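Trainee: Before I ask anything, here is the structure I am working with.
The values are calculated or read from the model by the stated rules, or taken from the named source; none is laboratory data. What you are looking at is a predicted structure, and each value in this text was computed from that prediction instead of being measured. All Cβ positions, even for glycine, are placed from backbone atoms using ideal geometry, and neighbour counts span all protein chains on display. Ligands, DNA and RNA are stripped out before the accessible areas are found, and what is left, the full protein with its side chains, is counted by its heavy atoms. Shrake-Rupley method; radii C 1.70, N 1.55, O 1.52, S 1.80 Å.
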Amino acid sequence: MRQQGRALLIAALLAGLAGPAVARRDKEDAPAAQQGSSAEPENPYPSTYKPYPGRPTAIRGATIFDGEGGRIDNGVVFLSEGKVTAIGGPDTPIPADIAVFDGTGKYVTPGVIDIHSHLGDYPSPGVEANSDGNEATSAVTPHVWAEHSIWPQDAGFSRALANGGVTSLQILPGSANLFGGRSVTLKNVPARTMQGMKFPGAPYGLKMACGENPKRVYGSKGREPSTRMGNMAVNRQTWIKAREYEKKRAAGKDQTRDLGMETLADVLEGKILVHNHCYRADEMANVIDMSKEFGYKVAAFHHAVEAYKIADLLRDNGICAALWGDWYGFKMEAYDGIKENIPLVHRAGACAIVHSDDQDGIQRLNQEAAKALGAGRRMGINISDEVAWTWLAINPARAMGIADQTGSLKVGKMADVVLWNGNPFSTYSRPEKVWIDGALLYDSANPKLRPVVDFELGQIGAGDVK
């Protein structure tokens, strides 16, 4: 566990993990599974996440970006019982005798949400023994779950919190396979187990990949797929099998349990969201047609350096594009990227998201968004700062199926909040304080709330000096 949460965690354990239970499902009240050899347990790895203890808190005098495109100058945010209780202008009433922080000259935003991370399944230190993100033994591995590789001791989680203001993130398998496996959404909190970080009630995702990676990995082994047409053929054959499995399951027919088919059947029934690694516009168009052929929905294309070419298709099909600001050209399918990709997708009315796919980039997603914002303005696309913050807040929340709980500073939502020491689109700004479910988990002025994982303790340059 990380050092900033150690005292809080011990106190919570002594109190019987006091605090509101936020998990929507657990083993006690899960519905009974169907009987027979294909019987599936309902939620076999449930979230055990419980918010850390917090206290009623207000921030006043700050510039507020609400995460949905709204802005309040000289605003007030009031947090209590783990939720956003009030938000408004300087006259917003707040109770007496609560913690009040002066936000004059500072900015308040919802916590940053990273829709594409490999923290925990490609943790630091980045050695072969810790490389657990790609089950590169078959092009079709929907049966694996990223959460079963996650190492909560990855120091990247604490760096993302303290340096990037990241409060929620989706951990995906890698992109070696056409069907890479299930993703999981986490709250970025110190915990002993993956289940202790697992975002309660968040739907699973399915990681898919098109293009160079699968055909290179398996073509080099003399196996299918070795071409893009092979990619599509294997995809379609797999969906045909999944459709048959799902039909039998829906009809209550007995069949041998198959972990991969269970995942794909859940996708076909809309329970699991598809997150598709894809760079080229033509391949994204093929995937859109394939999704219609088999009756599933793509939540987001990830990386998508040519999204600007088909922004209208993305808009019309309700598909988000999770993008970098200016990372492209590192392989052939990434060659035709442009710095204006994000603002062009946004201008078309499609859902644009800034993502990391990197343990360092996740610490600077605000700067990644700033680069895209600047590139757009230089070509005449004038997007306001507060609207651009949707790329880091409500848009990823929607694509991950958690927008009803987080992603914006709306009354009743989770109090996942960052106080920045300046405009968050400035390279000179950084998080000053970070709250998750109303608990102050990072404070740049308090050494006891500077995160350090157990793995770092006793190592040169680590410990409390981090």
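Trainee: Relative to the longest principal axis of the chain, what angle (0 to 90°, nearest 10) does the C-alpha long axis of helix 228-250 take?
Mentor: 80
Trainee: Follow-up. Based on the mean of other Cβ atoms within 10 Å per residue, sort peptides 280-289, 385-394 so the most packed one is first.
Mentor: With the highest mean Cβ count within 10 Å placed first, the list reads 385-394, 280-289.
Trainee: Is it possible to state the helix-based mean residue ellipticity at 222 nm for the chain, with each DSSP H run of 4+ residues giving -39500 (n - 2.57), the sum divided by total residues, to the nearest 500 deg cm²/dmol? What is it?
Mentor: Helices in the chain give a 222 nm mean residue ellipticity of -7500 deg cm²/dmol.
Trainee: Pull up all non-local amide H partners of Leu206: gap of 5 or more, or a different chain, and H-to-H distance under 5 Å with H placed in the peptide plane.
Mentor: Amide H neighbours of Leu206: Ser183, Leu273, Val274, His275.
Trainee: Also: Residue farthest toward the positive end of the dipole of the chain, with Cβ of Lys/Arg at +1 and Asp/Glu at -1: which of His116, Leu323, Ala304?
Mentor: Final value for the positive-end residue is Ala304.
Trainee: Same structure, new question: Which whole-number value in Å² is the accessible area per residue of the range 194-236, probe 1.4 Å?
Mentor: In whole numbers, the range 194-236 has 37 Å² accessible per residue.
Trainee: Additional query: In whole Hz and in residue order, list the ³J(HN,Hα) couplings for the range 349-355 that follow from phi through the Karplus curve 6.51 cos²θ - 1.76 cosθ + 1.60, θ = phi - 60°; x for Gly and Pro.
Mentor: Per-residue couplings from phi come out as x, 8, 8, 9, 9, 9, 10 Hz.
Trainee: Continuing with the same structure: What translational diffusion coefficient, to the nearest whole µm²/s, does the range 189-332 have by Stokes-Einstein, given a Kirkwood radius computed over alpha-carbon pairs, a temperature of 4 °C and 1.567 mPa s viscosity?
Mentor: 77
Trainee: Okay, next question. How much of the accessible area of the chain, probe 1.4 Å, is carbon plus sulfur, in whole percent?
Mentor: 50
Trainee: Moving on to the next point. For the range 261-398, treating each Cα as an identical point scatterer without solvent, what Debye log10 I(q)/I(0) comes out at q = 0.11 1/Å?
Mentor: Each listed q corresponds, in turn, to -0.38.
Trainee: Additional query: Could you give the radius of gyration (one decimal) and Dmax (whole number) of the Cα atoms in the range 127-214, in Å?
Mentor: Rg then Dmax for the range 127-214, in Å: 13.5, 37.
Trainee: Beyond a 28 Å Cα-Cα separation, which of these cross-linked pairs lie in this structure: Lys207/Lys241; Lys106/Lys198; Lys50/Lys241; Lys198/Lys413?
Mentor: Violating the 28 Å Cα-Cα cut-off are Lys106/Lys198; Lys50/Lys241.
Trainee: Further question on the same structure: Kindly report the accessible area of the range 47-138 per residue (heavy atoms of protein chains, probe 1.4 Å, no ligands, DNA or RNA), in Å².
Mentor: Result: 43 Å² per residue.
Trainee: Report relative contact order for the chain in percent, whole number only (criteria: Cα-Cα under 8 Å, sequence separation at least 6).
Mentor: In percent, rounded to a whole number, it is 20.
Trainee: Bin width 10 Å, alpha-carbon pairs only: give the P(r) of the range 165-206 as whole percents, running from 0 to the bin holding the largest distance.
Mentor: Final binned percentages: 28, 48, 23, 1.
Trainee: Same structure again: Using only Cα atoms and rounding to the nearest 10 degrees, what angle (0 to 90) does helix 155-164 make with the longest principal axis of the chain?
Mentor: Helix 155-164 sits roughly 60 degrees off the main axis of the chain.
Trainee: Same structure again: Need one number: convex hull volume per residue for the range 388-463, Cα atoms only, in Å³.
Mentor: 139
Trainee: Between the helical axis of 259-268 and the dominant principal axis of the chain, each derived from Cα atoms, what acute angle in degrees is found, rounded to the nearest 10?
Mentor: Result, in degrees: 80.
Trainee: With the other protein chains left in place, how much accessible area per residue, in square angstrom, belongs to the range 343-445 at a 1.4 angstrom probe?
Mentor: Counting only protein heavy atoms, the per-residue value for the range 343-445 is 31 Å².
Trainee: If packing is taken as the mean number of other Cβ atoms within 10 Å per residue, what is the order of 238-246, 121-129, 168-176, 99-107, highest first?
Mentor: Ranking, from highest mean packing down: 168-176, 238-246, 99-107, 121-129.
Trainee: While we're on this one: With the Cα gyration tensor of the chain in hand, convert its eigenvalues to equivalent ellipsoid semi-axes via √(5λ) and list them largest first in whole Å.
Mentor: 35, 27, 21
Trainee: Semi-axes of the equivalent ellipsoid for the range 272-353, please: Cα gyration tensor eigenvalues, times 5, square-rooted, ordered largest first, whole Å.
Mentor: Ellipsoid semi-axes (Å, largest first): 20, 14, 10.
Trainee: Treating cross-link reach as a plain straight distance, find the aspartates and glutamates whose alpha-carbon is under 14 Å from the alpha-carbon of Lys297, omitting any fewer than eight places away in the same chain.
Mentor: Within reach: Asp266, Glu269, Asp289, Asp316.
Trainee: Based on the alpha carbon coordinates of the range 56-146, what radius of gyration and maximum Cα-Cα distance (Dmax) apply, in Å?
Mentor: So, for the range 56-146, Rg and Dmax equal 20.9, 61 Å respectively.
Trainee: Give the cross-link partners of Lys271 among the aspartates and glutamates, using a straight C-alpha distance below 13 Å as the criterion and excluding same-chain residues fewer than 8 apart.
Mentor: Candidates past the 8-residue exclusion: Glu42, Glu246, Glu262.
Trainee: Rounded to the nearest 5, what is the percent of antiparallel bridges among the DSSP beta bridges in the chain?
Mentor: 55
Trainee: Report the gain in length on full extension from Thr227 to Ala136: 0.36 nm times residue separation, minus Cα-Cα distance, nm rounded to one decimal.
Mentor: Gain in length upon complete extension: 31.1 nm.
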